[in-house]
1. Scan the range 276-313 residue by residue and report those that are more than 21 Å from SER365 (Cα to Cα) and not aromatic (Phe, Trp, Tyr).
2. For the range 101-127, give me the residue count where each residue is among the hydrophobic types (A, V, I, L, M, F, W, C), open to solvent by 60 Å² or more (accessible area, probe 1.4 Å) and either under 25 Å from the mean Cα position of the chain (by Cα) or at pLDDT 85 or above (or both).
3. Does LEU53 satisfy being touching a Leu at 6+ places or on another chain (Cβ under 9 Å) and either closer than 25 Å to ALA200 by Cα or surrounded by fewer than 19 Cβ atoms within 10 Å (Cβ to Cβ) (or both)?
4. Pick from the range 1-27 the residues that are touching a residue at least 60 places away in the same chain (Cβ under 8 Å) and part of a strand (DSSP E or B): which of them is surrounded by the most Cβ atoms within 10 Å (Cβ to Cβ)?
5. Kindly indicate the residue of the range 183-197 that is in contact (Cβ under 8 Å) with a residue 24 or more places away in the chain and buried (at least 20 other Cβ atoms within 10 Å of the Cβ) and also farthest from the chain's Cα centre (by Cα) among those meeting that condition.
6. May I ask you to list the residues in the range 251-307 that are among the polar types (S, T, N, Q), open to solvent by 40 Å² or more (accessible area, probe 1.4 Å) and touching a residue at least 40 places away in the same chain (Cβ under 8 Å)?
7. Do any residues in the range 54-73 that are under 16 Å from SER38 (Cβ atoms) have Cβ atoms under 9 Å from those of residues that are among the aromatic types (Phe, Trp, Tyr), where the two are at least six apart or on different chains, and which pairs are they?
8. Restrict the check to the range 216-228 and report whether at least one residue is free of Cβ contacts under 8 Å to residues at least 24 places away in the same chain, assigned to a helix (DSSP H, G or I) and not polar (S, T, N, Q).
Amino acid sequence: METDYTVFVVDDDNTTRLLLESMLRTKHAVEAFDSAESCLARLTHKQPNLFLLDVGLPGMDGYDLCRNIKSLPEMNIPVVFISGHDDLDAVMAGYDAGGEDYIVKPFNITALSRKIENLRRIELDKKALLAQVKDSDELATLVLANLDEYAILIKFLRSLNECANIKEMVEAILRSLDAFHLDGAVQIRLRNFEKTFSKAGENWPLVISVINHIRTMDRIFEFRTHCAYNFEHITVLVTNMPVADADLCGRIRDHLAIAAETADAKLMALQTSADNASMRGDIRNLLRAVGQTVESYRRKYDDARYQGSIFTTRIVDDLLTAFAYLGLSSRSEEEILGMVKDHSNKLIDIYDITGESQATLGELSQKLAGILAATENTTTPHVSVGSGH
């Protein structure tokens, strides 16, 4: 049992508590509570590494318990909700309360174990990164604090043009949200690539669940203090729009729409650049194959002419031997030999398509080389598709 990792289980159902305790004690320290109040009382003496909260608790429910936990100083601990409800309102309630994941009853024990291990890994990665990003975040906040809304947007557009990979693009977007005093997340979608990012890290399950619910909705989708900007390659989700100030909220909505659409265009250019690079590789391979085919044809034809010459020589030798028994005149022998050689050479020439084949394949090579040159001279910026990790 790894006693350095503690899980608090809060569920009023005795069977569920016993099941979770039995499953988790093989790897972690576990403390179980039948109410939110008893769990909060225990927090004055000990803090866990993870909370598993039932939503439907007596008295204070799981959502309120989560809000209480998240409001406590230095209580940045992941919360996983356990509920019998699987709908957008229930998931959004968990997301608004500050939870990191949402599991529907009846749950799969193996899947839950994997989620816990994943949350533990994410927490370890997050702690390691906090020290590295603290200085840069403080500097960015200090510099951007004195910029007005338009300056923030212009700064983002300029920085976006300089981004060389997805990681830099996401960092630029999150910095801009922070400059507007907004919290949120970004999901990037390219061919064979999909990731969701927030200040908390990558691919938090509940963030993914929320964005996957809303990314097929309107271009700009608003609900309560949330606002989502949905484009082909990107969704930007903001969780704390300043709805109390209608004018400010409207200006920020417009700025973020421009920022999200520009980021989508950048991602489209990134995908095009990757596609062009792949096509150039295919053309180079095809050019090599054409060259190899031409050389193969040349060798086969040279070999055929050589074998034809040997065959003609053998025929002439056989005829000369036969002439000794036929009693033909010298002139008749010369005419027959000349006729045999002439027809043999014509037969070889009939099958000589080397020149025509080389010309055809040569034209094909030139066209492919032209296409390759055109793609290499394209103005599409060269951007790495990778996340930059």
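The values are calculated or read from the model by the stated rules, or taken from the named source; none is laboratory data. For clarity, every value in this text was computed on a predicted model and none was experimentally measured. Virtual Cβ from ideal backbone geometry, glycine too; neighbours counted across all protein chains shown. Heavy atoms of the whole protein, side chains included, go into the accessibility calculation; ligands, DNA and RNA do not. Shrake-Rupley method; radii C 1.70, N 1.55, O 1.52, S 1.80 Å.
1. Across the range 276-313, the qualifying residues are ASP302, ASP303, ALA304, ARG305, GLN307, GLY308, SER309, ILE310, THR312, THR313.
2. Step one: of the range 101-127, the residues among the hydrophobic types (A, V, I, L, M, F, W, C) are 103-104, 107, 109, 111-112, 116, 119, 122, 124.
From what is left, the residues that are open to solvent by 60 Å² or more (accessible area, probe 1.4 Å) are 109, 124.
So of that shortlist, the ones also either under 25 Å from the mean Cα position of the chain (by Cα) or at pLDDT 85 or above (or both) come out as 124.
Looking only at that region, the number is 1.
3. Numbers: touching a Leu at 6+ places or on another chain (Cβ under 9 Å): yes; either closer than 25 Å to ALA200 by Cα or surrounded by fewer than 19 Cβ atoms within 10 Å (Cβ to Cβ) (or both): yes.
Yes: the conditions hold for LEU53.
4. Out of the qualifying residues, it is VAL7.
5. So in the range 183-197, the residues in contact (Cβ under 8 Å) with a residue 24 or more places away in the chain come out as 183-191, 193, 195, 197.
Then drop every residue that is not buried (at least 20 other Cβ atoms within 10 Å of the Cβ), which leaves 184-188, 197.
Values: GLY184: 20, ALA185: 16, VAL186: 13, GLN187: 10, ILE188: 7, PHE197: 12 Å.
The residue in question is GLY184.
6. Looking only at the range 251-307, we keep the residues that are among the polar types (S, T, N, Q), and these are 262, 271-273, 276, 278, 285, 292-293, 296, 307.
Keeping just the survivors that are open to solvent by 40 Å² or more (accessible area, probe 1.4 Å) gives 262, 272, 278, 285, 292-293, 307.
Answer for the range 251-307, where residues must be among the polar types (S, T, N, Q), open to solvent by 40 Å² or more (accessible area, probe 1.4 Å) and touching a residue at least 40 places away in the same chain (Cβ under 8 Å): THR262, THR272, THR293.
7. ASP54/PHE81; GLY62/PHE81; LEU65/PHE51; CYS66/PHE51; CYS66/PHE81; ILE69/PHE51
8. Scanning the range 216-228 turns up no residue that is free of Cβ contacts under 8 Å to residues at least 24 places away in the same chain, assigned to a helix (DSSP H, G or I) and not polar (S, T, N, Q).
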